[in-house]
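Presented below is the structure to which this report refers.
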Amino acid sequence: MIKKLDLENILFLDIETVPEFQNFSELDDTKQSLWENKTQYQRKDEYTPEEFYDRAGIWAEFGKIICISVGYFNYQGQRRMFRVTSFYGDEITILKGFKNLLITHFSQNKHLLCAHNGKEFDFPYIARRMIIHNIELPYKLNLFGKKPWEVPHLDTLELWKFGDYKTYTSLKLLTNVLGIPSPKDDIDGSEVYAVYYEEGNIDRIIDYCEKDTIAVAQIFLRLRGDELLTDDEIIRV
């Protein structure tokens, strides 16, 4: 089925997130209490709410998006190209820039969004942060009332599961078993908090996010039985 999809109609993406504030102490009393209750199951007795706060980025209610990287295929004659670009800066600017891209270039019924674990993380996270910032959801993220087969999202994790819902396969593991160059050659997700808040190195995070986006596209190509992208086919803009 995915072999029949036109690659030029798919927007591949990845997001990077961090806690909304650097320190737990910056939360007001109500938000601290809500964080304590939200994470009680995950923390158990091993961590205090404050010790656990560096992981707050995985929850849209307590985190924020610091980068969205996207990639898309186009063809110039027989030449295949994969263009990658990123949205970064303050979160509202990121979200509005991404929304504008969807509206202007990926708003038709034929267009699809694709991410690794996107249905559980990237897509709902973006939508929730848009709502929090009072940004109207674009059509491709507004799933209210849609039937499952009407949702315009692809997920390489879901595709790899082949109906098996018992396990999670990370992007790093999947690239390894499929013979795809690993995108995790500098940092991984657990280090984004420190790189952002302690190093202040957004460029390093953008590079990491773009490599993950390329990896998602490479996995999708392998699942289709297509040739992988070569370095000279990838253009960062």
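The values are calculated or read from the model by the stated rules, or taken from the named source; none is laboratory data. Remember, predicted model here, so these are calculated numbers, not experimental data. Virtual Cβ from ideal backbone geometry, glycine too; neighbours counted across all protein chains shown.
Miscellaneous remarks
- Scanning the stretch 144-176 for residues being assigned to a helix (DSSP H, G or I) and either surrounded by 10 or more Cβ atoms within 10 Å (Cβ to Cβ) or touching a residue at least 24 places away in the same chain (Cβ under 8 Å) (or both) gives a total of 12.
- Some residue of the stretch 82-96 being farther than 20 Å from TYR197 by Cβ and touching a Leu at 6+ places or on another chain (Cβ under 9 Å): yes
- Test: residue in the stretch 57-70 that is surrounded by fewer than 16 Cβ atoms within 10 Å (Cβ to Cβ) and under 19 Å from the mean Cα position of the chain (by Cα): yes
- Which listed residue, of GLY57, GLY97, is modelled with pLDDT of 95 or more, in contact with a Ser or Thr (Cβ under 6 Å, 6 or more places away or on another chain) and not aliphatic (A, V, I, L, M): GLY57
- Evaluating HIS111 against the criteria (1) within 23 Å of LEU154 (Cα to Cα); (2) modelled with pLDDT of 95 or more; (3) touching a strand residue (DSSP E or B) at 6+ places or on another chain (Cβ under 6 Å); (4) of a type outside the set (A, V, I, L, M, F, W, C) leaves one unmet condition, (3).
- Restricting attention to the stretch 182-235, the residues that are closer than 30 Å to GLN76 by Cα and surrounded by fewer than 15 Cβ atoms within 10 Å (Cβ to Cβ) total 11.
- Among the conditions (1) in a helix (DSSP H, G or I); (2) among the basic types (Lys, Arg); (3) in contact with a Lys or Arg (Cβ under 9 Å, 6 or more places away or on another chain), the only one that LYS96 does not satisfy is (3).
- Every condition in (1) in a loop (DSSP other than H, G, I, E, B); (2) surrounded by fewer than 14 Cβ atoms within 10 Å (Cβ to Cβ); (3) at negative phi is met by ASN74 except one, and the failing one is (1).
- Scanning the stretch 76-134 for residues that are under 12 Å from ILE15 (Cα atoms) and among the acidic types (Asp, Glu) yields GLU91, ASP122.
- Count - residues of the stretch 20-53 that are in contact (Cβ under 8 Å) with a residue 40 or more places away in the chain and crowded, with 17+ Cβ neighbours inside 10 Å: 1
- Condition met for THR17 (in contact (Cβ under 8 Å) with a residue 60 or more places away in the chain, of a type in the set (Ser, Thr, Tyr) and surrounded by 15 or more Cβ atoms within 10 Å (Cβ to Cβ)): yes
So that you can scan it fast, the table gives a plain yes or no per residue for (1) over 15 Å from TRP160 (Cα atoms); (2) part of a loop (DSSP other than H, G, I, E, B); (3) hydrophobic (A, V, I, L, M, F, W, C):
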residue	(1), (2), (3)
ILE180	no, yes, yes
GLU198	yes, no, no
GLU210	yes, no, no
ILE214	yes, no, yes
